[in-house]
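Asker: Here it is, the structure in full.
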Amino acid sequence: MFGAPGRVNLIGEHTDYNDGFVMPCAIGLGTRVAVAAREDRRLLIRSAQFPGEFEFDLNDLPARRTGSWCDYVLGVAAVLQQDGHRLRGANLLVDGEVPIGAGLSSSAAIEVASTLALMELSGITLPMVEVAKLGQRCENTFIGARVGIMDQFVSCMGKAGHALLLDCRSLEFELIPIPDGVRMVVCNTMVKHEHAGGEYNRRREECEEGVRILAKWYPEIRALRDVSSGQLAEHGAEMPEKIFRRCLHVVLENERVQDGARRLQAGDLNGFGELMRASHGSLRELYEVSCRELDLMVEAAEGLPGYYGSRMTGGGFGGCTLNLVEARFAEDFAGRISERYRVATGMTPEVYICAAADGAGVEG
Ligand code: GLA
């Protein structure tokens, strides 16, 4: 049995596919995949949560998603085989507690755990970084979501008690300890999102358009990671206003990640909280990936005892907010924010008090 965690991102949203910086950590909610060999070359996939059983022929796997939850298992199997690995037939049982479509990377968790399970059974060894890249390729080519590397990377490489300051271009990272006295209170708006197609992919295209325009003046620019706020200010007026706002978010968010890592290391939680709020404002106004419920949840945190900062976490359009809260107030905060959100929306949120956890591995 193999396990892989979901994640929250402390800061650095929609920067990963721009070759930028992110600061996620793995969390205690995860996915487990139990695997057993079969004599034939079939894949049998079952879930402990959903009814039904999916059966595929390893000699003839679909090349694109089928529209079911089993796509994340099927997709990594397909990508492994495209890479020339020969898989053995397998029975796979998936179980987990990462809420689906809530911005906590349930899909990365199932991809990573399934990859490890299939590799072990077929005698394939790959470095964890390659496992992460494989999961991302499954999303990009099989599922059709042009996501970056953040979720799969931290699901593979997470470390208890730490966030990862990750450079999404070089994949070099630094472990940033999360101070003992704080908790991450994750609040699920209960509004589900979907990244395949739609707005997520459109944001990525808008960033690419920004790069194309800026490269006319700065030919060395390959991604928004290479753009400074000064360069953007210089030529902002020469691009469509919407594209300018998307670029501005990414450029400033990259600065906030680096600044945030320094503040967290210095134990400046109020300073880090300020950056979280600025990040949320930017995602709402400039990048336009928030939604009413996320904004209400962020507002609901304001003024509660022990509160440092709050922002949406993950791709957006629904899902969760991450709240940084003084440890001794975490339970009280969870109760109070639930009540405020319920009054504002009529919906009862799920609230998880999380600590930074280790990345994927063997479970038993
Ligand atoms: C999703 C994607 C990530 C990242 C975030 C936004 O979680 O899977 O690659 O782009 O959205 O920061």
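The values are calculated or read from the model by the stated rules, or taken from the named source; none is laboratory data. Note that the structure is predicted; figures quoted are calculated from it, not measured. Backbone-built Cβ (ideal geometry, glycine too); neighbour counts: all protein chains shown. Heads up: the accessible areas ignore ligands, DNA and RNA and are worked out on the full protein's heavy atoms, side chains in. Shrake-Rupley method; radii C 1.70, N 1.55, O 1.52, S 1.80 Å.
Asker: Grab the eigenvalues of the alpha-carbon gyration tensor for the range 243-303, scale each by 5, take roots, and send me the semi-axes largest first in whole angstrom. Each step should come with its number before you reach the end.
Answerer: Values: eigenvalues 86, 63, 6 Å².
Value: 21, 18, 6 Å, ordered largest first.
Asker: For the range 132-281, go through all pairs of different Cα atoms, get the mean of 1/r, take its inverse, and jot down that Kirkwood value in Å.
Answerer: Working: mean 1/r = 0.0572 Å⁻¹.
Result for the range 132-281 stands at 17.5 Å.
Asker: Then there's this: Using the heavy atoms of the protein chains and a 1.4 angstrom probe, tell me the accessible area per residue for the chain in square angstrom.
Answerer: 39 Å²
Asker: A further question on this structure: For the range 120-174, what is Rg from Cα atoms divided by 2.2 N^0.38 Å, rounded to two decimals?
Answerer: Normalised Cα radius of gyration, the range 120-174: 1.21.
Asker: Moving on to the next point. Please grab the % of Cα pairs in the chain that end up more than 39 Å from each other. Walk me through the numbers on the way to the answer.
Answerer: Values: 9896 of 66066 pairs.
For the chain, the fraction of Cα-Cα distances above 39 Å is 15 percent.
Asker: Then there is this: Return the distance in nm (one decimal) between the two label points of a simple spin-label model at GLU234 and GLU39, each offset 7 Å from Cα along Cα→Cβ.
Answerer: Rounded to a tenth, the inter-label distance reads 7.0 nm.
Asker: Label-point separation (nm) for ASP180 and THR348, each offset 7 Å from Cα along Cα-to-Cβ?
Answerer: Inter-label distance under the simple model: 3.6 nm.
Asker: Another question, if that's okay. If you roll a 1.4 Å probe over the chain with all protein chains in place, what percent of the accessible area is carbon or sulfur? Provide the component values of the computation, followed by the final result.
Answerer: Values: 6880 of 14310 Å².
C and S atoms contribute 48 percent here.
Asker: Next question, about the same structure. How big is Rg to Rh over the range 157-231, alpha-carbon atoms, Rh as the Kirkwood inverse-mean-distance radius?
Answerer: On the way: Rg = 17.7 Å, Rh = 16.2 Å.
Using Cα coordinates only, the ratio equals 1.09.
Asker: Shifting gears a bit: Which whole-Hz couplings ³J(HN,Hα) result when phi for each residue of the range 34-42 is put into the Karplus expression 6.51 cos²θ - 1.76 cosθ + 1.60, θ = phi - 60°, listed in order with x for Gly and Pro?
Answerer: 9, 9, 9, 6, 10, 6, 8, 9, 10
Asker: Quick check on the range 53-105: what are the equivalent-ellipsoid semi-axes from the Cα gyration tensor, as sqrt(5λ), descending, whole Å?
Answerer: On the way: eigenvalues 97, 31, 24 Å².
Calculated on Cα positions only, the semi-axes equal 22, 13, 11 Å.
Asker: Then there is this: Rounded to the nearest 500, what is the 222 nm mean residue ellipticity of the chain from helices alone, with -39500 (n - 2.57) per DSSP H run of 4+ residues and division by all residues?
Answerer: Numbers: 10 runs with 139 residues, N = 364.
After summing the helix terms and dividing by residue count, I get -12500 deg cm²/dmol.
Asker: Quick one: Cα centre-to-centre distance for the range 161-209 and the range 284-302, in angstrom?
Answerer: Each part's Cα centre sits 16 Å from the other's.
Asker: While we're here: Need one number: convex hull volume per residue for the range 242-364, Cα atoms only, in Å³.
Answerer: 143 Å³
Asker: In square nanometres, what is one fourth of the surface area of the convex hull spanned by the alpha carbons of the range 77-199?
Answerer: Details: hull surface 36.6 nm².
For the range 77-199, the mean projected area of the Cα convex hull comes to 9.1 nm².
Asker: Between ARG86 and ASP167, what is the label-point separation in nm under the 7 Å Cα-to-beta-carbon projection?
Answerer: 4.1 nm
Asker: Find the eigenvalues of the gyration tensor of the Cα atoms of the range 1-94, then list the square roots of 5 times those eigenvalues as equivalent ellipsoid semi-axes, largest first, in whole angstrom.
Answerer: Values: eigenvalues 165, 59, 30 Å².
Equivalent ellipsoid semi-axes, largest first: 29, 17, 12 Å.
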